[in-house]
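Notes to accompany the following structure.
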Amino acid sequence: MVRRFFLVIGCAVFLLFTGIAYATLEIPQTKYNFGEVEEKTIIEHTFQIINPSSVPVDIISVTPDCGCTVADFTKRIEPKQTGHVKLKLDTRGYKGFITKTSIVKTSDDVNKEFVLVLEGNVKVPIDISSRNILFYGPDSKGQKKQIIIKAQKPEPLSIQFLRNSLEGKVSYNLQEKEKGRVFELVLECLEGPEANFYGELVFKTNYPQEPEIKIMVRKMPLKK
C-alpha cells in the first residue's frame, strides 16, 4: 500500500516537472435520432468534439457507412477548444428504421477511436417488396417472380404501365388486389437458361412523391 502511494506521488511529480500532458476528448453526443422523415430527405447533423486538455488533438480520419457521407470535420482541435464532425445522409432508397455509423480515429490518448451514429425512421409513399429481380437456373424459362406494391399514403394509388425495355424477354401481369391500396406484379421470364440480359420495367403512378416505379430485371446465363 505504501509502495503504491509513493509510486502515484512519483508519477505526479514526474509529470509536473517534465511538462508531459495527455489529451482526453469529450464527446457529449455520439448518437443522433432524426425522428421520422420522408424518403429522399437529406439529413445533416454536427457532432461536437471537445478538447479540454492542454495539448492539441488531431482527427485522423472519419469513415462512414455506405450511404452516409462526411460533410466536414475539424482536422486539429486546439487545447480548450471545440471541434466538430458533420455527417450527411441521403435517405433515398431507404425505408423503415435505419442506422448509419461513422468511425472516427484520433490522436487522443484515450478516445483513439469512437463511433458516431445517425438513426431514424424513413417513410416511403409506396412500399415495394422488391425493386430488383433475378432470373437464373436450368428452368429459367417460365419462371415467375412476384412483387407486392402497397400504398403508404392516405390517397388511393393508381399504377399504369409505361415501358418495358425487355419486350419479348420478360412479360408482366399487374393486378389490383385491394382497390387503391395493394397491387400484385408478376414478372415471367420468356427466355431459356442460356439467355443473358438486363433491363427495366417502368410503371407510372399518381403519387408526385414517386411518379415512377422502376423494376430492374437481370437474367444470368446458366454456367456450363
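The values are calculated or read from the model by the stated rules, or taken from the named source; none is laboratory data. Note that the structure is predicted; figures quoted are calculated from it, not measured. Glycine also receives a Cβ, built like all others from the backbone with ideal geometry; neighbour counts cover every protein chain displayed.
For residues in segment 128-181 being under 16 Å from residue 199 (Cα atoms) and of a type in the set (Val, Ile, Thr), which is surrounded by the fewest Cβ atoms within 10 Å (Cβ to Cβ)?
133
State all residues of segment 33-65 that are surrounded by fewer than 16 Cβ atoms within 10 Å (Cβ to Cβ), at negative phi and not aliphatic (A, V, I, L, M); if no residue qualifies, say none.
33, 36, 38, 44, 46, 48, 52, 54, 56, 58, 61, 63
Assuming residue 195 fulfils every condition listed in (1) more than 30 Å from the chain's Cα centre (by Cα); (2) in a strand (DSSP E or B); (3) hydrophobic (A, V, I, L, M, F, W, C) apart from one, which condition is it?
(2) is the only condition that residue 195 fails.
Filter segment 83-123 down to residues that are among the polar types (S, T, N, Q) and surrounded by fewer than 18 Cβ atoms within 10 Å (Cβ to Cβ) and give me whichever is farthest from residue 63 (Cα to Cα).
So the residue we want is 121.
Note down all Cβ pairs under 6 Å where the first residue falls in segment 125-149 and is within 17 Å of residue 183 (Cα to Cα), the second is among the polar types (S, T, N, Q), and they're at least six residues apart or on different chains.
125/152; 125/209; 127/152; 147/129; 147/130; 148/129
What number of residues within segment 195-224 satisfy the criterion of being modelled with pLDDT of 95 or more, within 25 Å of residue 139 (Cα to Cα) and either among the hydrophobic types (A, V, I, L, M, F, W, C) or touching a helix residue (DSSP H, G or I) at 6+ places or on another chain (Cβ under 7 Å) (or both)?
Of the residues in segment 195-224, 5 are modelled with pLDDT of 95 or more, within 25 Å of residue 139 (Cα to Cα) and either among the hydrophobic types (A, V, I, L, M, F, W, C) or touching a helix residue (DSSP H, G or I) at 6+ places or on another chain (Cβ under 7 Å) (or both).
Please determine, by comparing only the residues of segment 1-46 that are modelled with pLDDT under 55 and assigned to a loop (DSSP other than H, G, I, E, B), which one is farthest from the chain's Cα centre (by Cα).
Checking each candidate, the answer is 1.
Being crowded, with 17+ Cβ neighbours inside 10 Å, in a strand (DSSP E or B) and touching a residue at least 60 places away in the same chain (Cβ under 8 Å), is that true of even one residue in segment 66-82?
Within segment 66-82, none of the residues are crowded, with 17+ Cβ neighbours inside 10 Å, in a strand (DSSP E or B) and touching a residue at least 60 places away in the same chain (Cβ under 8 Å).
If only one of 192, 180 is outside the structural domain of residue 86 (by TED's automatic domain parsing) and at pLDDT below 95, which one is it? Steps first, please.
Numbers: 180 fails: at pLDDT below 95.
Just one listed residue meets the conditions, 192.
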